[in-house]
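Here is the structure we will look at.
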Amino acid sequence: MPTMKSGPVWEGKTVYKATITVRLKESVLDPQGSAVQGSLHSLGYEEVRQVRIGKTMEVWLETADFQEASDRVDAMCRKLLANPVIEDYEFRLEKGA
Amino acid sequence: MRFAVPVFPGSNCDQDCAKAVREVLERPADLVWYTEDSLDNYDAIILPGGFSYGDYLRTGALARFSPVMEAVAEAAEKGKLVLGICNGFQVLLEAGLLPGAMRVNDHLQFRCSIQTLQVENNSLPFTACYKQGEIIRLPIAHGEGNYYCDDQTLQELEDRGQIAFRYHGENPNGSVAGIAGIVNRRGNVLGLMPHPERAIHDWMGSRDGARLFRSMLQYWEGMYGAA
């Protein structure tokens, strides 16, 4: 884990780590995934039926509780981290880390 | 008619855009740093090509939140002409000033070539100096010009005449319906992947881009008189 900058720690706040996955929607063709699938096939992995490429982001945040952290991360995804026109997102939230 | 060309960290076509305005229209064009929060002194805005914020996260995604973009949204709201070229188009999409989103080219390559386009609607402030259906040549240079929108949005774009330019012949990036450039509903915001500012003299290989700028001036003079 990268070292976290030490900021002010308020009474009763907890650090959460969100692991966010953003990928193209199922309905949107993924040219990178198709190219990688082709390469896997030429390597002999003919069983591969589909490859989707996405990105993972890790965000550490400090909030009053789990619910607040979850709401905030969800808003971040909608406003910036994912483009709702072409991308879906999901995230996992864990305490500490 | 005064033009502003906002410059983001990573923009690289800003000088070309300003020069196109000065050389084709003989009108002033200022480069405006992305931290500027007012564009009140300008009549039209050109968002230039390049790689704003290094294309981090998604093309145009971070530029969208810079102070100058609020001023651009305000200008668009007032009905001023806003032209986004290449990365400028990507920024307009991310800012929600135009519908849809940009994907990586379907062949995954960065494509740099002169492309043939068809003028799909010549009744726009940006296209009035072209003939309807005219075939023109403009250069492209992008890795992410694969325009996407859902079927309903595409239908609306078609029905309302919002498709300004389509690729003619080869589609160089896989964009939906061969779209090269679209306008908003009001018609005062245009985003396109090809570079009109790189096609204003014969020695550039084409001067078909010059008339896009002339159309903007003609529209503005029609509204406000020759000033």
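The values are calculated or read from the model by the stated rules, or taken from the named source; none is laboratory data. What you see is a predicted model; the values in this text were computed from it and never measured. Methodologically, a virtual Cβ is constructed for each residue, glycine included, from the backbone with ideal geometry; neighbour enumeration extends over all protein chains shown. Protein only, heavy atoms only, side chains kept; ligands, DNA and RNA dropped before computing areas. Shrake-Rupley method; radii C 1.70, N 1.55, O 1.52, S 1.80 Å.
Rolling a 1.4 angstrom probe over the protein heavy atoms, how many square angstrom per residue are accessible across chain A?
Using a 1.4 Å probe on heavy atoms only, each residue of chain A averages 66 Å².
Residues of the stretch A:74-92 that become at least 40 Å² less accessible with every protein chain present than in their own chain isolated, using 1.4 Å: which are they?
A:80, A:83, A:85, A:86
At the nearest 100 Å², what buried accessible area, both sides summed, do you get for B and A when the probe is 1.4 Å?
Roughly 1200 Å² of accessible surface disappears when B and A pair.
Using 1/(1 + (r/R0)^6) with R0 = 30 angstrom and r between the beta carbons of residue B:151 and residue B:113, what's the FRET efficiency to the nearest 0.05?
Rounded to the nearest 0.05, the efficiency is 0.55.
Only four residue types carry charge here, +1 at the Cβ of Lys and Arg and -1 at the Cβ of Asp and Glu. Report the dipole size of chain B about the Cα centre in Debye, rounded to the nearest 20. It would help to have the intermediate numbers written out before the result.
Values: 20 positive and 28 negative charges, 83 e Å.
Computed about the Cα centre, the dipole is about 400 debye.
Whole-Hz ³J(HN,Hα) for each residue in the stretch B:209-221, computed from phi via Karplus 6.51 cos²θ - 1.76 cosθ + 1.60 with θ = phi - 60°, x for glycine and proline: what do you get?
Values per residue, Gly and Pro as x: x, 4, 6, 5, 5, 4, 4, 4, 5, 4, 4, 5, 5 Hz.
What is the distance, in nm, between label points placed 7 Å from the Cα along the Cα-to-Cβ direction at residue A:65 and at residue B:65?
It is 2.7 nm.
Which FRET efficiency value, to the nearest 0.05, do you get for residue A:14 and residue A:75 by plugging their Cβ-Cβ distance into 1/(1 + (r/R0)^6) with R0 = 22 Å?
Once rounded, the FRET efficiency stands at 0.75.
In Å and whole numbers, how far do the C-alpha atoms of the protein assembly as shown stretch along each principal axis, longest first?
Principal axes ranked by extent give 64, 54, 35 Å for the Cα atoms.
Using modelled backbone amide H atoms (1.01 Å from N, in-plane), which distant-in-sequence or interchain residues come within less than 5 Å of residue B:150's amide H?
none
Can you check what the net charge comes to around residue B:107, using other residues whose Cβ is under 13 Å from the Cβ of residue B:107 (Lys, Arg +1; Asp, Glu -1)?
Numbers: positive: B:103, B:111; negative: B:106, B:144, B:170.
Counting the neighbours of residue B:107, the net charge comes to -1.
What ³J(HN,Hα) values, in whole Hz, does the Karplus curve 6.51 cos²θ - 1.76 cosθ + 1.60 give for the stretch B:19-33 when θ = phi - 60°, with x put for Gly and Pro?
Along the stretch B:19-33, the couplings run 5, 4, 5, 5, 7, 7, 9, 6, 10, x, 9, 10, 7, 10, 5 Hz.
Keeping the other protein chains in place, figure out the carbon and sulfur percent of the accessible area of the stretch B:1-152, with a 1.4 Å probe.
Details: 2660 of 5900 Å².
Reported share for carbon and sulfur atoms: 45 percent.
Among B:12, A:35, A:77, whose Cα lies farthest out toward the positive end of the dipole of the protein assembly as shown, if unit charges sit on the beta carbon of Lys, Arg (+1) and Asp, Glu (-1)?
Most positive-ward Cα: B:12.
For chain B, what size does the Cα cloud have along each of its three principal axes, sorted from largest down, in whole Å?
Extents along the principal axes: 43, 38, 37 Å.
Leaving out same-chain residues fewer than 8 places away, which lysines sit with a Cα under 19 Å from that of residue A:95?
A:5, A:13, A:17
In the stretch B:101-140, what residues drop by 40 Å² or more in accessible surface going from the chain by itself to the full protein assembly, probe 1.4 Å?
So the qualifying set is B:101, B:103, B:108.
What does the helix-only formula give at 222 nm for chain A: each DSSP H stretch with n ≥ 4 adding -39500 (n - 2.57), the total divided by the residues, and the result rounded to the nearest 500 deg cm²/dmol?
Theoretical 222 nm ellipticity from helices: -7500 deg cm²/dmol.
Sum up the charges of everything whose Cβ sits under 12 Å from the Cβ of residue B:163, counting Lys and Arg as +1 and Asp and Glu as -1, but leave residue B:163 out.
That sum, taken over residues with Cβ under 12 Å, equals -2.
Along the Cα-to-C-beta direction of residue B:207, a point sits 7 Å from the Cα; which residues of the stretch B:1-38 have their amide N less than 19 Å from that point?
Answer for the stretch B:1-38: B:16-27.
Accessible area per residue of the stretch B:92-227 at 1.4 Å probe, in Å²? Don't skip to the end; give the middle numbers.
Working: 5570 Å² over 136 residues.
Counting only protein heavy atoms, the per-residue value for the stretch B:92-227 is 41 Å².
Here are some pairs, A:79/B:78; A:55/B:78; A:25/B:78; which of them have Cα atoms lying more than 28 Å apart in this structure?
Pairs exceeding 28 Å: A:55/B:78; A:25/B:78.
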